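Note sheet for the following structure.
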Ligand code: HEA
Ligand code: HEA
Ligand code: CUA
Ligand SMILES: [Cu+2]
C-alpha cells in the first residue's frame, strides 16, 4: 500500500499553554469530579437537615459568622492575586508571576490559621450529633483542600522564583490557577450552607 | 423436622417444571391468599405473557436476520427505509405499547394496595430483632395489650394494620402469599396492611439482609375465624399460668437460676428480660426461634441446651443444665399455654 | 469542516534507522524494577485486563461455592459467617474489581489504538490508577484469606455495616478498598475522556469515531458523575466507624436512608457503566462479521448517550420497599420503563444491520448472538421489577438475582468474552482456537440458562436472596439443585476459554495485522502492536479507514513528529483538525511510589486516623517528585 503525506506537523507548537493542552482538560476533569463531591456534600447536609427535628439540634447554635466571612474575603483576594500572577506570565513577567503566587499562598495560609482557631472554638464535636458530624466533615474537607493548594502552589512559587515558567512554558501555572479558583469558589456554597443556612431557615 | 404440617401447602411442589406448573409452595407470591398478593399476581400473568411474546418476537426476527443470506451468494439487506421502520417499530413503538399499560396498571394496583385502612382496623406492631420478630397487639388508644414473638395471629377476612419498626438494623416484613414486603427501618415506622381472605397458616420471612442469621428469621402468620382470634388474643393478654405441680415450680425456679430471666420476660413472674422473645405463652406457639424448628419438647430441649447448633450465631447462649434440670425447666415451659 | 485529501501528496518512506529510533523512544524498560516504571497504554491496559480476569476467576469460584451450599436444603458446606462473607465478596469483587476494571482495561488498551494515537494523555496517571487498583484488590482478597472479609453485602447497608453491628475490620476494609477502586476508575475516566477528545487521528471527527470509543467515552463521563456519590457515602461511613461521627446513627440524628440514596445514586449508573462498553463491543463485532457499515450509527450513539443520562434518574427503583412516598416513587417506575426505548433502539439497529448479511459465524459473533437471547430476557425482567407493587414481591429474592445475572452476564460478560476472542490476536499476536471457542460458548450459554432461569421461579416461590440455608419444607431444593448443576456447566464453559487463552499464547496460530478484515484503526497496527502503536499517525477520511485504504490502495499519514521523544498529535474536539503536538512523559517509578504511599495511608486509617495526615504529606511529596521538571525540559 502506498503511504503518502497527509499532514505535516513539524512546525506546530510543542508548548500548548492553553485549552489545547491535555493537562488543562485533566484539571477540568478533576474540578468536575470535585464539584460533584461538593454538591453531594451539600445535598447530604440538606437531607440530614430536612429529616432532623431541629437544625441545629436544640441546645446548639450555628457557629458565628464573622470569621467565615473574613475567610471568604481572603480567599477571594487570593484568587485575585492568582489571577494577576497568571496575567503577569502571559506578558512574560516572571517576577510578577512569582510575587502573585507567593501572595496567594500567604493569603491562603492565613485562612488556614484563622480556620484552625475558629474550629478549635466550636462548642460541639463531630461525635455529638449528625449536625456536628456534617459541619465538621465539610469544614475538614475544605480545610484539606486549602492545605493542598497551599502546598501545590508553594511548589509553583519556588519554580517561579527560579525562573522555570515562561510565556510559553506556563501550562503548570494555568492549571494551578484554575484549581485554585475552584477551591476558593467551593467555599461559597459551603459558607452559605453552613453559616447562612441555619440562620435563614433556622430552628 | 416437619414444619409443613403446619403450613398450608396447596399442591405438590413442582420439580423443574416451568413457571406455570409449579407456582405453589408454602411461601409463594403466585399462590395468593390475600387481596394485595392477588392483585399483584394478577398483574404478573399478563406481564409474563407479553414478555414471552416480546422475547419470541425479538428472537424470531434475529433468526430471520441472521439466516436469511445463509447459503446464498449475495447479502439480502433491508434498505434504509425498511431499516428505519424496523427500528421505530421495535425500538420505540413496541416498548411504549408494552410499558405504558403496564406502568398504568401498576400505579392503580399500587394505589389500591396502599389505600388507607378504616380507622378502627386492628393494629399490630412488629419489631424486627436480630433474628426474630417481636409482636405487640395494640388497643384503640395505641397501648400494647399483649406481646408475643415469631407468630402473628390475625382475624381472617379483615384488613389489619401493621406498624413496622426496628431498633437495630434494617429488616423487611414479608408474607408472600398475602402481601409484598415492607422494610423495617430504624428510626421510622412503616405501615402496611394485610388481609387474609381465608383462615390458614402462612409463612413470612425476613427479606432484607440483617446479619448472620438473616436466613433463619421467619415467622408464621395465623389467620383465624374472628371468634377464635378473639379468644386467642384474650389468652395472650393474660399473664402466665402459675406453676401447678411441684415439678413445674422447680422448673420455674430453674428458669431464674439458669439465667433465662435475664433475657426473657414471663408476664406474671419477675422475669422481665427484654433481649429475647417474650415467653409468657411459649407453649401456645407452633415454632421456635424464628420458625426454625417446630415447638416440640425435643426441639425445645435441643434449643435450650445448644441454640448455636440449631441457629448458629443466634443471640441466645447455650446453657449447661443437668438432664434433671432441663427436664423440670421444659416441664415448666410446656405449661405456659 | 472535515479534512480534505492533500492536493499534492508526497510519498512517505521510512528508513530502518528512524524506526529504530522510534522503537527506542517508546520502549518500556525490562527487568523487574523496570516493570514498575512502565507507562505505555498497552502495558497498563493489558495489566488491567489480566488482573480483572483473575478477579473474575476468584469471584466466580466464590459463586460456585455459593451454589454448592444452596444445592440442597440444610446443607452444611458453609456456615452462615462464611456464606455471608462469600456473597459479599462475590458481589463486591465482581462489580468493583472485575466488571468495571475489565471494561476500563479494554478501553485503555484499545481506545488509543482505535483513534490512531500512540499513548494516552496522562500515561503516568494511568500507571498510578493501575497500582491503586491492584493493591486494593489484593488487600480485599487477602482479607478473605485471613477470614476477616467484609460481610455486609455488596451495597453494605447501614446500620448493619456500622461499628455496632459489624465490629471487626471487615467493613473497614470494604469501605477503604472501594475508595481505591474509585480513585482508579476516576483516573481512568479522566484519562479516557481527554484522550478521546483531544488526541484522535486527524480527520476522525466525532461522527467518525468507532462505536466502542463512543461507548468508552460515555462510560467515562458516567464514572465522573456517579463515583463522587459513593466517594462521599463511603467517606461518611468510614468516619462513622473510625471517629464516631453520627451520619447514619439514628440515635445521633443520623439517617440510614441517606446511605441508600447515595449508594444507589452511584449504584444504578454503575450497572450501565458496565453495560455501555459491552454495547460498544457488540457494535464493533457486528460490523466486522457482517463486513458492512452498521445501520443507524447516529441512533446507536444517541441511545448510548441517552442511557447515560437517564441512568442518573433511576436510583430510587432499588428502594421501593423502604417506605418512601408512593407518588414520588412512581416517577422512578416511569423513568425505568423509559430506558427500554434506547435499549430497544440498540437491539433493533443491530437486527437491521444483521438482516440478510453474509455473516461469518466466528466465535466472537456467537457470543454476541448469545447476548441477544439473554439480555432481552434480563431487560424485560428489569422492566417488570420497575413496577412498585410487583417489586414488593420480588425485591431481594432470587427473582432479582436472576434479573441481574441475566443482564450482567448476558449483557456484559458474554460480549466481553466475544470481544476477548475478537481482540486476542491484536493483544497477543496469536489466534485462539475457534473449535474450543465454540465449545466454550455452547457450554456457557446452556449452563448459564440452566443456572439462572430457575431462579426466577425460586424468587416467585418466596426464596429470599442472601440466605445460607433453607428448610426442606420450602420446596426450593429441586430448582436449586438444577441451578447448581447449571453453574458447574457454566464454569466449565468459561474454563474452556481460559485454557484456550493460555494454550494460544504458546501454540496459537500467528495472527496477521488484520485477521478478521475489520475496518477500524487498531487493526492497522502490528499484532501485537509495536511500542509506538503506529509507525505513522494515520489521517482518516471516514468511519471505516481500513476499508478505504483497501479500496484506494493508498493511505495518508501525519509526518513531522520527532522520533527521539514521545510526541503525539493534538486535534480539535469536534472535527479533529491538528492543533498542536504534545510531548508525553517517559517511564518512571513515581506513580508506583505514589500509589504505595496512598495505600499506606488508606490502609493505615483503618487503624488510626493519624495515617490520613501521614498519607496526605507522603503523597504530596511523591507527587512533587513525579511532576518536578527535569532538564532538558520536556517540550524544548
Ligand atoms: C448490566 C447490568 C444491568 C442492566 C443492563 C440492568 C437493566 C435494567 N434494570 Fe437492573 N439491576 C442490575 C443490573 C442491571 N440492570 C443489578 C446488579 C441489580 C441489583 C442490585 C442488587 O440489588 O444487588 C438490578 C436491580 C434492578 C432493580 C431493583 C429491583 C429491586 O431491588 O427490587 C430494578 C427496578 O426497577 C431494575 C430495573 C432495570 C431496568 C428497567 C433495566 C433496563 O435497562 C432494561 C432495558 C432493556 C430491555 C427492556 C430489553 C431490550 C429492549 C427491547 C427488546 C425492546 C422491547 C422492550 C419492551 C417491550 C419493554 N434493576
Ligand atoms: C459481573 C457480575 C457477576 C457475575 C459475572 C456473577 C457470576 C455468578 N454469580 Fe453472582 N452475583 C453478583 C454479580 C455477579 N455474579 C452480585 C452483584 C451479587 C449480589 C451479591 C450480594 O447480594 O451482595 C451476586 C450474587 C449471586 C448469588 C446470590 C447469593 C445470595 O443472594 O445468597 C448467586 C447464587 O447463586 C450467584 C451465583 C453466581 C454464579 C454461579 C456465577 C457464575 O457465572 C460464575 C462463573 C465463573 C467462574 C466460575 C469463573 C471462571 C471459571 C473458570 C475459569 C473455570 C474454572 C473454575 C471452576 C471449575 C470453579 N451470584
Ligand atoms: Cu432480618 Cu433479614
Ligand atoms: Cu437500577
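Among C:59, C:121, C:99, which is the only one that is more than 16 Å from ligand 3 (Cβ to nearest atom) and at pLDDT below 95? Before the answer, list the steps.
On the way: C:59 fails: at pLDDT below 95; C:99 fails: at pLDDT below 95.
Among C:59, C:121, C:99, only C:121 is more than 16 Å from ligand 3 (Cβ to nearest atom) and at pLDDT below 95.
Among the residues of region C:381-393, what is the count of those that are more than 7 Å from chain B (Cβ to nearest Cβ) and within 7 Å of ligand 1 (Cβ to nearest atom)? Steps first, answer last, please.
Step one: filter region C:381-393 for residues more than 7 Å from chain B (Cβ to nearest Cβ), giving C:381-382, C:385-386, C:391.
Next, from what is left, pick out any that are within 7 Å of ligand 1 (Cβ to nearest atom): C:382, C:385-386, C:391.
Here the count works out to 4.
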Restricting region A:44-67 to residues that are under 24 Å from the mean Cα position of the chain (by Cα) and surrounded by fewer than 17 Cβ atoms within 10 Å (Cβ to Cβ), the one nearest to residue A:196 (Cα to Cα) turns out to be A:65
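Give region C:397-409 a look and list any residue that's near ligand 2 (Cβ under 10 Å from one of its atoms) and in a helix (DSSP H, G or I), or say none. Working first, answer last.
First, the residues of region C:397-409 that are near ligand 2 (Cβ under 10 Å from one of its atoms): C:397-398, C:400-402, C:404-405, C:407-409.
Within region C:397-409, C:398, C:400, C:401, C:402, C:404, C:405, C:407, C:408, C:409 meet the criteria.
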Residue under question is residue C:298, and the condition is that it be assigned to a helix (DSSP H, G or I), within 14 Å of ligand 4 (Cβ to nearest atom) and in the same structural domain as residue C:210 (by the TED database); does it hold? no
Exactly one of C:418, C:378 is more than 9 Å from every other protein chain (Cβ to nearest Cβ), within 16 Å of ligand 4 (Cβ to nearest atom) and in contact (Cβ under 8 Å) with a residue 24 or more places away in the chain, and that residue is C:378
Of (1) farther than 24 Å from residue C:198 by Cα; (2) in a helix (DSSP H, G or I); (3) within 14 Å of another protein chain (Cβ to nearest Cβ), residue C:126 satisfies every one except (1)
When region C:150-173 is checked residue by residue, the ones that are more than 14 Å from chain B (Cβ to nearest Cβ) and within 25 Å of the chain's Cα centre (by Cα) are C:172, C:173
A careful count of residues in region C:318-339 that are touching a residue at least 40 places away in the same chain (Cβ under 8 Å), in a helix (DSSP H, G or I) and either surrounded by fewer than 18 Cβ atoms within 10 Å (Cβ to Cβ) or away from ligand 2 (no atom under 16 Å from the Cβ) (or both) gives 7
Picked from region C:242-256 (must be within 20 Å of residue A:37 (Cβ to Cβ) and in a helix (DSSP H, G or I)), the residue nearest to ligand 1 (Cβ to nearest atom) is C:242
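Being in contact (Cβ under 8 Å) with a residue 24 or more places away in the chain and either under 22 Å from residue A:55 (Cα atoms) or not assigned by the TED database to the domain that holds residue C:295 (or both) narrows it down to one of C:275, C:279, C:237, so name that one. Step through it out loud before you land on a result.
Numbers: C:275 fails: either under 22 Å from residue A:55 (Cα atoms) or not assigned by the TED database to the domain that holds residue C:295 (or both); C:279 fails: either under 22 Å from residue A:55 (Cα atoms) or not assigned by the TED database to the domain that holds residue C:295 (or both).
From the options C:275, C:279, C:237, the qualifying one is C:237.
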Out of curiosity, is residue C:261 under 25 Å from the mean Cα position of the chain (by Cα), more than 14 Å from chain B (Cβ to nearest Cβ), within 16 Å of ligand 4 (Cβ to nearest atom) and surrounded by fewer than 24 Cβ atoms within 10 Å (Cβ to Cβ)?
no
Note on residue C:404: of the conditions (1) at pLDDT 95 or above; (2) within 8 Å of ligand 1 (Cβ to nearest atom); (3) on the phi < 0 side of the Ramachandran plot; (4) crowded, with 21+ Cβ neighbours inside 10 Å, unmet is (4)
Among B:170, B:154, the single one that is in contact with a helix residue (DSSP H, G or I) (Cβ under 8 Å, 6 or more places away or on another chain), modelled with pLDDT of 95 or more and more than 16 Å from ligand 2 (Cβ to nearest atom) is B:154
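On the given criteria, is residue C:381 assigned to a loop (DSSP other than H, G, I, E, B) and buried (at least 20 other Cβ atoms within 10 Å of the Cβ)?
For residue C:381, the condition - assigned to a loop (DSSP other than H, G, I, E, B) and buried (at least 20 other Cβ atoms within 10 Å of the Cβ) - is not met.
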Just one listed residue, out of C:369, C:275, is closer than 24 Å to residue B:95 by Cβ, out of contact with any helix residue (DSSP H, G or I) (no Cβ under 6 Å at 6 or more places or on another chain) and part of a helix (DSSP H, G or I), and it is C:369
Picked from region B:199-228 (must be in contact (Cβ under 8 Å) with a residue 40 or more places away in the chain and assigned to a loop (DSSP other than H, G, I, E, B)), the residue farthest from ligand 3 (Cβ to nearest atom) is B:225
Residue hits (region A:120-134; more than 7 Å from chain C (Cβ to nearest Cβ), part of a loop (DSSP other than H, G, I, E, B) and surrounded by fewer than 19 Cβ atoms within 10 Å (Cβ to Cβ)) are A:121, A:122, A:123, A:124, A:125
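Rundown of residues vs (1) surrounded by 18 or more Cβ atoms within 10 Å (Cβ to Cβ); (2) assigned to a loop (DSSP other than H, G, I, E, B); (3) more than 7 Å from every other protein chain (Cβ to nearest Cβ), yes/no style:
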position	(1), (2), (3)
B:28	yes, yes, no
B:32	yes, yes, yes
B:43	yes, no, no
B:52	no, no, yes
B:62	yes, no, no
B:83	yes, no, no
B:87	yes, no, no
B:93	no, no, yes
B:101	no, no, yes
Note on region A:81-105: residues loosely packed, with under 15 Cβ neighbours inside 10 Å and at pLDDT 90 or above are A:87, A:91, A:95
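Okay, residues lined up against (1) modelled with pLDDT under 95; (2) away from ligand 2 (no atom under 16 Å from the Cβ); (3) within 16 Å of residue C:347 (Cα to Cα); (4) facing another protein chain (nearest Cβ under 8 Å):
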| site | (1), (2), (3), (4) |
| --- | --- |
| B:48 | no, yes, no, no |
| B:55 | no, yes, yes, yes |
| B:59 | no, yes, yes, yes |
| B:67 | yes, yes, no, no |
| B:71 | yes, yes, no, no |
| B:76 | yes, yes, no, yes |
| B:110 | yes, yes, no, yes |
Picked from region B:154-170 (must be in a strand (DSSP E or B) and away from ligand 3 (no atom under 16 Å from the Cβ)), the residue nearest to residue C:254 (Cα to Cα) is B:163
All-but-one check, residue B:135 against (1) out of contact with any helix residue (DSSP H, G or I) (no Cβ under 9 Å at 6 or more places or on another chain); (2) over 30 Å from residue B:171 (Cβ atoms), failing number (2)
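Being within 13 Å of another protein chain (Cβ to nearest Cβ) and outside any strand (DSSP E or B) is the filter; apply it to region B:183-198 and report the residue that is surrounded by the most Cβ atoms within 10 Å (Cβ to Cβ).
The initial filter retains those residues of region B:183-198 that are within 13 Å of another protein chain (Cβ to nearest Cβ), namely B:183-194.
So of that shortlist, the ones also outside any strand (DSSP E or B) come out as B:185, B:187-189.
On the way: B:185: 25, B:187: 17, B:188: 17, B:189: 12.
Filtering first and then ranking leaves B:185.
The values are calculated or read from the model by the stated rules, or taken from the named source; none is laboratory data. On a predicted model such as this, the values are computed, not experimentally measured, just so you know. Quick reminder, even Gly has a Cβ in these numbers, built from the backbone with ideal geometry, and neighbours come from all protein chains shown.
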